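J.: For reference, the structure I am asking about is given below.
We did not get these values from a lab; they are worked out from the coordinates using the rules stated. None of these values were measured; they are calculated from a predicted model.
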């Protein structure tokens, strides 16, 4: 991702500072944080306080037939997702997949 955006190392720095910020938040409150997708997580605050990521990450959802799906109006994942791809667009406009699930 960092290389695709022309900023080598930027994203590992983001991850390290995000973890550090999360630890400071939890240490100050005296309560360990649950996982990022669980209510009460310090992740959103830690993410916002960390150094910037190298660029935008795109998320594409697919159903079993390979059709692209969209998030629900409430911002939740729709039922029926069978594949998710996270990608970035490099400086030349080419799509680079950085993770699949």
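J.: Taking the Kirkwood radius as the inverse of the mean 1/r across Cα pairs, report the Rg/Rh of the chain.
T.: 1.04
J.: Here is a further query. For residue 90 and residue 49, compute 0.36 nm times the residue count separating them, minus their Cα-Cα distance, and round to one decimal in nm.
T.: 12.2 nm
J.: Oh, and also: What 222 nm value per residue comes from the helices of the chain, counting each DSSP H run with n ≥ 4 as -39,500 (n - 2.57) and dividing by all residues, nearest 500 deg cm²/dmol?
T.: -8500 deg cm²/dmol
J.: Gain in length, residue 20 to residue 37, computed as 0.36 nm per residue apart minus the alpha-carbon separation, to one decimal in nm?
T.: 4.3 nm
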